Amino acid sequence: MIHSLFLINSSGDIFLEKHWKSVVSRSVCDYFFEAQERATEAENVPPVIPTPHHYLLSVYRHKIFFVAVIQTEVPPLFVIEFLHRVVDTFQDYFGVCSEPVIKDNVVVVYEVLEEMLDNGFPLATESNILKELIKPPTILRTVVNTITGSTNVGDQLPTGQLSVVPWRRTGVKYTNNEAYFDVIEEIDAIIDKSGSTITAEIQGVIDACVKLTGMPDLTLSFMNPRLLDDVSFHPCVRFKRWESERILSFIPPDGNFRLLSYHVSAQNLVAIPVYVKHSISFRGSNSLGRFEITVGPKQTMGKTIEGVTVLSQMPRGVLNMSLTPSQGTHTFDPVTKMLSWDVGKINPQKLPSLKGTMSLQAGASKPDENPTINLQFKIQQLAISGLKVNRLDMYGEKYKPFKGIKYMTKAGKFQVRT
């Protein structure tokens with residue numbers, strides 16, 4: 001299975017390596033560096049890179065490449081899912097997953113990785129089980145460990161590891177019993193210059209924070225479960241119940257976890273929540289061009305669009321831009337030719353616009369194509385697919401928990417062509 005793991009920063013330095021079965025030389029990463037050079041952006045590095053004796057599988061998160069080295073053929077998604085689980089575990093332990101934080105907690109990182117894989121095979125990947133095995137670092141614990149020479153390794157095996165429900169520890173007690181669920185959807189879309197949708201799809205997840213006493217058994221039902229394609233569940237979900245009734249039935253892990261992720265690919269089900277009006281012209285004779293864009297809401301069910309950011313990579317022939325926004329702030333970098341406009345919240349009564357002129361290079365030919373516009377935004381209390389939770393019920397315990405559901409839609413790769 002997985003022989004080694006290398007952590008590589010954005011400048012190409014290997015700042016951490018862990019070996020399970022046998023030590024693999026760092027030189028194996030040269031194949032990865034070659035693929036990185038060929039890719040225009042970090043996200044475009046192939047996730048699977050074959051080499052003469054190994055396969056390199058990688059994920060890119062938080063400006064770090066997590067590169068796993070394997071020697072035999074395995075299902076690639078299995079390894080990629082494990083790498084994502086490693087990143088999520090680091091985030092849960094340290095608050096953020098970044099190079100300085102990993103270096104500061106290098107001992108805990110090695111202890112956690114040692115427990116997550118046994119001889120290269122995944123063993124304990126549940127965060128709450130790992131926290132019983134390896135205590136998360138605190139200032140007090142760090143000081144005590146420095147003075148006494150002890151480690152963060154727990155004295156006893158986690159109780160959950162010995163039960164039929166390995167993701168939940170036994171004897172959980174809370175004063176306030178509560179269960180919160182966040183339905184978060186990311187919309188990926190490409191819109192052509194006339195405003196028609198070329199492609200659109202939704203990637204969704206349901207994240208849960210469950211703090212319930214004892215061993216509760218939950219069921220979660222939806223108004224319209226048939227919307228969901230490519231559903232991927234947490235191991236706690238009873239799959240047969242979902243197949244027959246389209247109801248999520250599960251004994252939840254304690255704390256934060258991802259209950260399921262899903263995909264909505266039917267274009268007629270994907271509503272586009274924003275539109276962009278644009279007028280961009282590069283005049284051939286004059287060294288001045290016109291630039292004007294307006295952003296407005298569309299199919300938002302009356303919800304406010306906020307956190308709107310517009311990014312556009314201008315052609316090389318643009319020397320500078322003199323623009324005036326009706327709201328928000330904008331910047332243009334003459335070196336990278338990147339235009340950024342931080343719009344903020346969209347008011348439907350007064351649509352935000354950015355207009356002005358572009359200084360063009362004298363004698364330069366008109367660009368072959370107009371720049372594309374990339375949007376970032378979020379909409380609170382709306383799942384753009386129309387997914388709605390019907391009810392959440394609890395069995396097996398007598399108390400009445402506090403329950404909450406929150407919806408959010410945000411932009412993934414949302415591109416408008418001009």
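The values are calculated or read from the model by the stated rules, or taken from the named source; none is laboratory data. Quantities reported herein were computed from a predicted structural model and do not represent experimental measurements. Heads up, the Cβs are rebuilt from the backbone with ideal geometry, glycines too, and the neighbour counts pull from every protein chain shown. Quick note on the areas: whole protein, heavy atoms, side chains included, nothing else; ligands and nucleic acids left out. Shrake-Rupley method; radii C 1.70, N 1.55, O 1.52, S 1.80 Å.
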Checklist outcome for this item: I147 meets each of (1) open to solvent by 80 Å² or more (accessible area, probe 1.4 Å); (2) modelled with pLDDT under 85; (3) in a loop (DSSP other than H, G, I, E, B) with one exception, condition (3)
Item to check | Out of L354, L375, sole residue that is in contact with a Leu (Cβ under 7 Å, 6 or more places away or on another chain) and not in a loop (DSSP other than H, G, I, E, B) | outcome: L354
Item to check | Scope segment 378-392; condition in contact with a Ser or Thr (Cβ under 7 Å, 6 or more places away or on another chain) and in a loop (DSSP other than H, G, I, E, B); matching residues | outcome: L382, A383, I384
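With the requirement that a residue be more than 33 Å from the chain's Cα centre (by Cα) and either exposed (fewer than 15 other Cβ atoms within 10 Å of the Cβ) or in a loop (DSSP other than H, G, I, E, B) (or both), what does segment 358-372 give you?
Matches in segment 358-372: Q361, A362, G363, A364, S365, K366, P367, D368.
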Next on the checklist: So the check is Cβ under 6 Å with 6+ separation or different chains; which pairs have a first residue in segment 276-295 that's open to solvent by 30 Å² or more (accessible area, probe 1.4 Å) and a second one that's modelled with pLDDT of 90 or more and β-branched (V, I, T)?
Outcome noted: K277/T294; H278/I293; L288/T357
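Among the residues of segment 311-330, what is the count of those that are open to solvent by 30 Å² or more (accessible area, probe 1.4 Å) and more than 15 Å from N374 (Cα to Cα)?
Residues in segment 311-330 being open to solvent by 30 Å² or more (accessible area, probe 1.4 Å) and more than 15 Å from N374 (Cα to Cα): 10 in total.
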Item to check | For D88: the one exception among (1) within 17 Å of the chain's Cα centre (by Cα); (2) surrounded by fewer than 16 Cβ atoms within 10 Å (Cβ to Cβ); (3) not hydrophobic (A, V, I, L, M, F, W, C) | outcome: (2)
Checklist entry - Restricting the search to segment 1-36, which residues are over 20 Å from Y110 (Cβ atoms), part of a loop (DSSP other than H, G, I, E, B) and out of contact with any strand residue (DSSP E or B) (no Cβ under 8 Å at 6 or more places or on another chain)? => result S11, G12
Checklist entry - Can you find even one residue in segment 370-392 that is in contact with a Pro (Cβ under 9 Å, 6 or more places away or on another chain) and closer than 30 Å to R283 by Cβ? => result yes
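Each row is one residue, and each column tells you yes or no for (1) open to solvent by less than 40 Å² (accessible area, probe 1.4 Å); (2) within 21 Å of V28 (Cβ to Cβ); (3) among the polar types (S, T, N, Q); (4) assigned to a loop (DSSP other than H, G, I, E, B).
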position	(1), (2), (3), (4)
F82	yes, yes, no, no
K103	no, no, no, no
V108	yes, no, no, no
I129	yes, no, no, no
E132	no, no, no, no
P136	yes, no, no, yes
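Taking segment 325-351 on its own, how many of its residues are part of a loop (DSSP other than H, G, I, E, B) and either touching a Cys at 6+ places or on another chain (Cβ under 7 Å) or β-branched (V, I, T) (or both)?
Residues that pass the stated criteria total 3.
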Next on the checklist: Is it the case, given these coordinates, that A200 is farther than 30 Å from M358 by Cα and out of contact with any helix residue (DSSP H, G or I) (no Cβ under 8 Å at 6 or more places or on another chain)?
Outcome noted: no
Item to check | Every residue from segment 193-217 that is of a type outside the set (D, E, K, R) and under 26 Å from the mean Cα position of the chain (by Cα) | outcome: T197, I198, T199, A200, I202, Q203, G204, V205, I206, A208, C209, V210
Checklist entry - Are there any pairs, at least 6 apart or on different chains, whose C-beta atoms fall under 7 Å, with the first in segment 335-347 and over 12 Å from M314 (Cβ atoms) and the second part of a strand (DSSP E or B) and small (G, A, S), and if so, which? => result I346/G296
